[in-house]
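What follows is calculated from the coordinates using simple rules that are stated; it is not laboratory data. Keep in mind it's a predicted model, so treat the numbers as computed, not measured. Because the Cβ atoms are built from the backbone with ideal geometry, glycine has one as well, and the counts that use them run over all protein chains shown.
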Amino acid sequence: MVLVAAGQALAHHSFTAEYNSTRKTTGPNPKSWIDHAGRPHSNQLRVVEAYHRVDHDNTELTLQIVDPKMYTEPWLALNKFSLHLQPADFDIPELLCSPTEMKGYNNDVGDPVPVVNQNY
Amino acid sequence: MPKRFLVSAVVLVALSGFSPFLGAQTAPAKGAQAKAMPPWDDAPPQKAAYAGITKGPAPRRDLSGFWNGEAEGGVQATGALEHPALIPGHPVDELGGQADEKNVARPLPYTPAGLAALKANKPTAGARGVRPGLQNDSVDICDPVGFPRMALSQFRAAEFEQTANQVIVVDQISYAWRVIWTDGRALPDVKSGAEPRWNGYSVGRWVDDYTFVVQTVGLDERSWLDNAGRPHTANMRVEERYHRVDSDTLELTLTIDDPEYYKQPWQALNKFVLHRLPDDFDMRESFCSPSAIPGYKKLLDNVTADK
């Protein structure tokens, strides 16, 4: 089975709790990190996201990390994290990683990095 | 990994006498069937899988679902299908203009500025292709593919989802999504100073029950139109015309309108056929990873050495 960076997710709605949805993701690529602090995970990682719709404008997300190879017990990375509903015409800004832009950023803000191909 | 590297590897591997994709072909689903495991990393079926399938009537004002662009030639390694930069055996000029299958010349109507921009772009593919290492295609170092190149280089699978005021398109090979607004809003004024986007700003409307027309502006001029290095300006307008022919078939006609670089609008795709994929199709993850590039180049070198 091929591992993918974002993994594969399955979701189901609970019949007993109408406003809960739980999603499980398996198979993330172990080269990725869990967060910007560098926390690791293995290829056995399972992520469980529980979305609870509190009311019309609010959803809570609880995100659990289950990875027996890296952690002795499951732990919550998010606990009832609040998401607020945006207007229906909300336009998500484009945010794509561009290595050519990164060069400019490093020149302006960060440390210069070696340029591999001067053609770019 | 860079998408164009992926094309090169597929071609080389196929030439070497085998193809990893042959074993991955699957027929379209013919109904709900129990599966031993959930689908994972599906490859879009090839053209033969669609021969003789039963087609129903087109649903009204509905594009939703997964669509296969690969079966009918969506992998346009040497340039947009309607203006390929290289057909074996056909003459080409220095600009990648080429006669069609009937030997009728169909050069693109470049303006002097467009011609200068074309010459500044150095692709590895097509009639103007340079040797690897001499190119300046920023996709090779994982810059975003952008629109419309995502439809004019490696159109494999795409998912369309419709909401009350949007059509959302998720493209496999660039692993990017586009929002097409359907709430009646006007396009933004691209000369107002708004920051351009790799995938642009799109609005769409149904012109009849089976034809959805999208206009896109605000495109970042750093992207190329296709693998042949065809350029565009930030003032380009792209029209996509999706015509739902039947339950299985969607036709896409894509027109480039960029007066600064092209004297007249031209069609990059003309009734290009997309086939419907099963509802449980699992679109392959396709991220460009700079850390994967060295390993990929090594693989490519090994395949080349074997030949």
Between B:G295, B:F281, B:V214, whose Cα lies farthest towards the positive end of the dipole of the stretch B:209-307 when Lys and Arg beta carbons carry +1 and Asp and Glu beta carbons carry -1, centred on the Cα centre? B:G295
Quickly rank B:60-69, A:68-77 as a protection proxy: mean count of other C-beta atoms within 10 Å, highest first. B:60-69, A:68-77
How would you rank B:D282, B:D220, A:D108, B:D209, going from fewest to most other Cβ atoms within 10 Å of each one's own Cβ? A:D108, B:D209, B:D282, B:D220
I'd like the trypsin sites (Lys or Arg not before Pro) in the stretch B:235-267 restricted to DSSP loop residues with at most 15 other Cβ atoms within 10 Å, sorted by number. B:K263
Please give, to one decimal in nm, the separation of the simple spin-label points placed at B:E195 and A:N107, each 7 Å out from Cα toward the Cβ. 1.8 nm
When A:T100, A:T59 are ordered from fewest to most other Cβ atoms inside 10 Å of their Cβ, what list results? A:T100, A:T59
Around B:V167, under 9 Å between beta carbons, what's the net of Lys plus Arg minus Asp minus Glu among the other residues? 0
Modelling each spin label as a point 7 Å along the Cα-to-Cβ direction, I'd like the B:Q162/A:S32 distance in nm, to one decimal. 3.1 nm
Treat the count of other C-beta atoms within 10 Å as a stand-in for reagent exposure and order B:E72, B:E195, B:E240 from fewest to most. B:E195, B:E72, B:E240
Average partner chain C-beta neighbours within 10 Å, per residue of B:141-151? 3
Restraint check, B:K47/B:K263; A:K103/B:K263; B:K122/B:K298; A:K69/A:K103; A:K31/B:K122; A:K31/B:K298, Cα-Cα greater than 26 Å: B:K47/B:K263; A:K103/B:K263; A:K69/A:K103; A:K31/B:K122
List the aspartates and glutamates whose Cα sits under 17 Å from the Cα of B:K102, skipping any in the same chain fewer than 8 residues away. B:E82, B:D93
Would you kindly derive the ³J(HN,Hα) couplings of the stretch B:212-228 from the backbone phi angles with the Karplus curve 6.51 cos²θ - 1.76 cosθ + 1.60 (θ = phi - 60°), listing them in order in whole Hz, with x for Gly and Pro? 10, 10, 10, 10, 10, 9, x, 8, 5, 6, 6, 7, 9, 6, 7, 5, 7
Can you work out the Karplus-derived ³J(HN,Hα) for every residue in the stretch A:92-107? Use 6.51 cos²θ - 1.76 cosθ + 1.60 with θ = phi - 60°, whole Hz, and x for glycine or proline. 5, x, 6, 9, 10, 6, 10, x, 5, 5, 4, 4, x, 4, 5, 5
